[in-house]
Amino acid sequence: MIEIPKAYEPQSVEAKWYQFWLDQGCFTADPGRVSERRPAYSIVIPPPNVTGVLTLGHVLNNTIQDILARKARMDGKEVLWLPGTDHAGIATQNVVEKTLKKAGEIRHRDDLGRDDLVERIWQWKEKYGGIILQQLRALGASCDWSRTRFTMDPEYSRCVQNVFVDLHRKGLIYRGKRMVNWCPASLTALSDEEVIMKEQKGSMYHFRVEVAEKPGTFLTIATTRPETIPADTAVAVNPKDPRYQHLIGCHVYRALPVETPKEQRRIPIIADEHVDFEFGTGVLKVTPAHDKADYEIGLRHGLPVIDLLTPDGRLTAEAGPELSGLDRFVGRKKAAEILEAAGALAAVEPYSNNVGFSERADVPIEPRLSEQWFLKYPSVQEAKACVAEGNLRFFPDRWAKVYDHWLNGIQDWCISRQLWWGHRIPVWYRKGGTEIHVDLEPPADVANWEQDPDVLDTWFSSWLWPFATMGWTGDRSVDAQNPALRAFYPTTDLVTGPDIIFFWVARMIMAGYEYCGDMPFRNVYFTGIIRDKQGRKMSKSLGNSPDPLDLIAKYGADALRFGVMRAAPLGQDVLFDEQSVELGRNFCNKLWNACRFRQMQGGAMEGEIHPDLLTSDDRWILIRLDQAVREVTQAFADYKFSDATATLYRFFWSEYCDWYVEASKAALVRPEGVVRTPQQEALAANKLAVMDLVLGSLLRLFHPFLPFISEELWHGMGFHQDLPEDRGGKTLLSASWPKPFTTEERDYFGLDDTADRVAQAKYDLITLGRGLRRDCKIDPAKRVKFVLRPSGELPAAEAEVIRLLLNAETLEVTPGFAPPKGTPMAANPLGELFLPLEGLVDVAAERARLGKELEKVRAEIAKVEAKLSNPAFTEKVPAKVLEEHRQRLLDWQAKERQVLSSLENLSS
RNA sequence: GCGAGGUUAGCUCAGUGGUAGAGCACUUGCUUCACACGCAAGGGGUCGCAGGUUCGAAACCUGCACCUCGCACCA
């Protein structure tokens, strides 16, 4: 720091240090260094989609991971933060297909064919797939980039196929024709977790059907989906429903398609417990092909299945000529019109119901019967037990309940996807035969076989992330010798959003037990969701989602990190406001200037602290530093990062800058031409030594949150100079985390309650004195005279601090001072502070203020007296609390006397 | 319907039985030789509502209201 600019300029500083850390290999994890004295700390990144760009959600998530990783390094651990991306099957294939269509290269993916399209996606991935990881570097993420993984790396892919083959061999993976969630936009099956229920405003259509055996008798049926009537193969009633019991076994004529001869539209009236006779008319149309519950009914009663929807959600010829070819929603309206024209529509009423939507494509899904691969989850009991027994901990722990609840009700996982981009299912079918081949390698005579065209769900690869990224092979003897797995598995912490607790977290835990025999991580920190100021989710369409890189360019990465962390309490959503980043920037600037101030004082760095030269201010700031170290360290242990930032903010700004630095000027600032005595020199040097201790500790405490500016100042101030290479000499990143003072150190420096109280009383008196100045409307620039009548001994150095911070010309310390009548006065345990009148004082204003003060004091006295005069209170309360209250009464009474005498002084 | 979380200053939130707090915003005044991305002094809250337990409740218990989010779901 040769030339120190007045304001901190993050741009060049951040780029410089990130490159330095990379060049020095600071982020590289070496399993060989792990030992009992140097424990491992590891964390795997939740792999962002390879299509993704950095969002504020990523900022929150990865800042927390970086904070944890940096803190662990300072704790002397061998740290692995493993980065990477996942291939995001549907999203990536969509993006590339869309791009190619836009460029006019293809109209449909079939124009290219499977191999060529996959090739194009790879090209696209090579070109754009690293963007988000590059962006993380701007944030300061200390990932071990040499271990960057991608879920479709050859080794990783092999893990995925390996696991498929193994689970198949164990009988947990099977193929079957089932009702699945079908996405008509992406043209693939989805898992239950990828379907989100949304309330939809639609209509309930009531239509009539005639009972075949009893002409003239009609049943009214309520439905939200009249377009599926042509696929009805029964109507069902509850067997206990007296209204319809007599009709069970009869038939009705299905209402659509009207063109079909009546007799061909006969469908049975069946009895099924599933039907709720409270709901609607108590008569249910049964459409086994297009509803999960109806499919079950169909199975129970052996009903035929009529499929009338194409994969992309249009009606087939089964729906009749008028509906055929229509989109399902267009068909719905048309079906209602046809019913109305036929006189079969009894009523249409507005109706709200929940409809499953494809999470990714945001269109209603269709329950659809199709042949898919399913997984019966492995190691469920272990996964449940480790969380229930508290071996694997969730922060906040309420998620444990959500997790347990989900595990208790899980259905088999549909893992096949009708896509081209992803891990192809390692299954071959013999052409013209029934034989199947499930293996990592294709059959020898592969020409006679056909490989399953589907790929696996992306989550079926990311659930292996914690160990597949570390070179797991599935061969026990090989894996037992794998240094990375041995050192870093199980990982220590996982940081992720609660929205993927089922998708990812739960499944990783099961995979961890199944394939490594242990949990994949010990702690899971669930972040909140980033919202805008009004509490709305960030979204592209709302345009309320600022680009983090813009924010970094404007305010600096440290500012963004600090702002976000300050606003993100554990377990709560984060309402993001650019103002909080601005606050982060201001904070960095304050830190910069605090160090600049120290720098301008010159003198030796980190001199020895002589206890006999410590003033009450010095002792006070050391006590506060000790407190701050304890609080921040505890906050880390509890994963309460916003508590840590709050403590740092308070200590650095409100305690160190506002009081300590200001007070230190009494000893440090030398008026021109004045030569300091050797004693004054020694005091000043001692103060600088205290400052250096505080600043050196502060930079360490700040480092996990503000890695760039702290590193810049660490070097600029020269804190690195006398430290060992690997403990802060080379970089702050590996400096040791500050420890609270030991009892010996506290004794040595004289850090006791008295020191704390004296300084506190001094600052209190200064605030009171400033109040006098204001009440008396004295220009802040005017250097007035104060007189202090001390209640005890007051060293000259202490008095000088008071004088300076009151901006007083002089402060007379006069034990027997007798003020003239009308002199404004403020008092506290340290003494009475007078502002002698010079004909300028606004007596009325001061009297008004004191009157208000007196009122307040007396109210407090009344409150305490009321308590103390209550026998129930004095008899039952613990002695300590009683004593506290008695002391409180004395304090308030003293205050009352002080205010009264101030008032008396005023009256002339 | 079941479950979880929330309701404290204008805003965002701390506060696990004993004197209601912080930051921001607001008001007033200040180019005080680290910082106007700053300094100083202020104003501002019947702690969602109603009961209960207790000498004492923002905190513990019960009920209610409202807001969020999961899970399930009836056509």
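The values are calculated or read from the model by the stated rules, or taken from the named source; none is laboratory data. The structure presented is a predicted model; accordingly, all values stated were derived computationally and were not measured. Glycine gets a Cβ as well: all are built from the backbone with ideal geometry, and neighbour counts include every protein chain shown. Each accessible area value is taken on the protein alone, full model and side chains, heavy atoms only, with ligands, DNA and RNA left out. Shrake-Rupley method; radii C 1.70, N 1.55, O 1.52, S 1.80 Å.
Filter segment A:233-290 for residues that are among the basic types (Lys, Arg) and touching a strand residue (DSSP E or B) at 6+ places or on another chain (Cβ under 6 Å); which is nearest to RNA strand B (Cβ to nearest atom)?
Of everything passing the filter in segment A:233-290, A:285 is nearest to RNA strand B (Cβ to nearest atom).
Quick check on this structure: which one of A:713, A:683 is in a helix (DSSP H, G or I) and closer than 22 Å to residue A:645 by Cβ?
Of A:713, A:683, the one residue that is in a helix (DSSP H, G or I) and closer than 22 Å to residue A:645 by Cβ is A:713.
For the list (1) open to solvent by 20 Å² or more (accessible area, probe 1.4 Å); (2) within 9 Å of RNA strand B (Cβ to nearest atom), I need the number of the one condition that residue A:633 fails.
Just one mismatch for residue A:633, condition (2).
Could you pull out every one of the strands (runs of 3 or more DSSP E) wholly within segment A:386-493 that has 1 or more residues that are aliphatic (A, V, I, L, M) and open to solvent by 10 Å² or more (accessible area, probe 1.4 Å)?
The strands (runs of 3 or more DSSP E) meeting that bar are A:436-438.
Where the second residue is assigned to a helix (DSSP H, G or I) and the first is assigned by TED's automatic domain parsing to the domain that holds residue A:423 and lies in segment A:102-114, which pairs have Cβ atoms under 7 Å and are six or more apart or on separate chains?
Between residues of segment A:102-114 that are assigned by TED's automatic domain parsing to the domain that holds residue A:423 and residues that are assigned to a helix (DSSP H, G or I), the close pairs are A:106/A:100; A:107/A:101; A:109/A:97; A:109/A:117; A:112/A:120.
Among the strands (runs of 3 or more DSSP E) confined wholly to segment A:218-276, which include 3 or more residues that are of a type in the set (A, V, I, L, M, F, W, C)?
A:218-223, A:234-237, A:266-271
Would you kindly identify the helices (runs of 4 or more DSSP H) lying entirely within segment A:30-148 that contain at least 3 residues that are open to solvent by 10 Å² or more (accessible area, probe 1.4 Å) and touching a Lys or Arg at 6+ places or on another chain (Cβ under 9 Å)?
So the answer is A:89-102.
Is it the case, given these coordinates, that residue A:392 is under 22 Å from the mean Cα position of the chain (by Cα) and of a type outside the set (Phe, Trp, Tyr)?
Against the criterion (under 22 Å from the mean Cα position of the chain (by Cα) and of a type outside the set (Phe, Trp, Tyr)), residue A:392 qualifies.
Taking the stated definitions as given, is residue A:654 within 14 Å of RNA strand B (Cβ to nearest atom), within 20 Å of residue A:804 (Cα to Cα) and either out of contact with any Leu (no Cβ under 9 Å at 6 or more places or on another chain) or open to solvent by 40 Å² or more (accessible area, probe 1.4 Å) (or both)?
Against the criterion (within 14 Å of RNA strand B (Cβ to nearest atom), within 20 Å of residue A:804 (Cα to Cα) and either out of contact with any Leu (no Cβ under 9 Å at 6 or more places or on another chain) or open to solvent by 40 Å² or more (accessible area, probe 1.4 Å) (or both)), residue A:654 qualifies.
Just to be sure, is residue A:558 within 18 Å of the chain's Cα centre (by Cα) and either within 9 Å of RNA strand B (Cβ to nearest atom) or of a type in the set (A, V, I, L, M, F, W, C) (or both)?
When the stated conditions are applied, residue A:558 does not pass them.
Return yes or no: is residue A:275 open to solvent by less than 50 Å² (accessible area, probe 1.4 Å), of a type in the set (A, V, I, L, M, F, W, C) and within 23 Å of residue A:340 (Cβ to Cβ)?
The answer is no for residue A:275.
Tell me which residues, restricted to segment A:308-332, are more than 16 Å from residue A:260 (Cβ to Cβ) and either outside the structural domain of residue A:267 (by TED's automatic domain parsing) or over 44 Å from the mean Cα position of the chain (by Cα) (or both).
Those that are more than 16 Å from residue A:260 (Cβ to Cβ) and either outside the structural domain of residue A:267 (by TED's automatic domain parsing) or over 44 Å from the mean Cα position of the chain (by Cα) (or both): A:325, A:326.
Test of understanding: among A:262, A:240, which residue is in the same structural domain as residue A:219 (by TED's automatic domain parsing) and either within 22 Å of residue A:296 (Cβ to Cβ) or in contact with a Lys or Arg (Cβ under 7 Å, 6 or more places away or on another chain) (or both)?
A:240
Please enumerate the residues belonging to segment A:439-452 that are within 28 Å of residue A:109 (Cα to Cα) and touching a helix residue (DSSP H, G or I) at 6+ places or on another chain (Cβ under 8 Å).
Answer for segment A:439-452, where residues must be within 28 Å of residue A:109 (Cα to Cα) and touching a helix residue (DSSP H, G or I) at 6+ places or on another chain (Cβ under 8 Å): just A:440.
I'd like to check something: does segment A:324-340 contain any residue that is out of contact with any Leu (no Cβ under 9 Å at 6 or more places or on another chain) and part of a loop (DSSP other than H, G, I, E, B)?
The answer is no, given that none of the residues of segment A:324-340 is out of contact with any Leu (no Cβ under 9 Å at 6 or more places or on another chain) and part of a loop (DSSP other than H, G, I, E, B).
Those residues that are out of contact with any Leu (no Cβ under 7 Å at 6 or more places or on another chain), within 16 Å of residue A:660 (Cα to Cα) and charged (D, E, K, R), I need them from segment A:589-606; list them, please.
A:590, A:596
Whether any residue in segment A:720-730 is within 34 Å of the chain's Cα centre (by Cα) and at positive phi is what I want to check.
Yes, some residue in segment A:720-730 is within 34 Å of the chain's Cα centre (by Cα) and at positive phi.
Any idea which residue in segment A:642-676 is nearest to the chain's Cα centre (by Cα), counting only those that are more than 21 Å from residue A:630 (Cα to Cα) and of a type in the set (Val, Ile, Thr)?
A:661
Those residues that are assigned to a strand (DSSP E or B), open to solvent by 60 Å² or more (accessible area, probe 1.4 Å) and farther than 19 Å from residue A:281 by Cβ, I need them from segment A:190-217; list them, please.
Of everything in segment A:190-217, those that are assigned to a strand (DSSP E or B), open to solvent by 60 Å² or more (accessible area, probe 1.4 Å) and farther than 19 Å from residue A:281 by Cβ turn out to be A:196, A:197, A:198, A:199, A:200, A:201.
Go through segment A:8-29 residue by residue and tally those that are touching a residue at least 12 places away in the same chain (Cβ under 8 Å) and open to solvent by less than 50 Å² (accessible area, probe 1.4 Å).
10
Does segment A:711-724 hold any residues that are within 18 Å of residue A:557 (Cα to Cα) and either surrounded by fewer than 23 Cβ atoms within 10 Å (Cβ to Cβ) or not aliphatic (A, V, I, L, M) (or both), and which are they?
Passing the criteria: A:711, A:712, A:714.
Could you list, in sequence order, all residues of segment A:679-710 that are open to solvent by less than 10 Å² (accessible area, probe 1.4 Å) and within 14 Å of residue A:737 (Cα to Cα)?
A:694, A:695, A:696, A:698, A:699, A:701, A:702, A:703, A:704, A:705, A:707, A:710
Within the set of pairs 6+ apart or on separate chains, which have a first residue in segment A:555-582 that is hydroxyl-bearing (Ser, Thr, Tyr), a second that is modelled with pLDDT of 90 or more, and C-beta atoms under 8 Å apart?
Taking only residues 6 or more apart or on different chains, the pairs are A:555/A:10; A:555/A:563; A:555/A:581; A:555/A:582; A:555/A:584; A:555/A:585; A:580/A:563; A:580/A:564.
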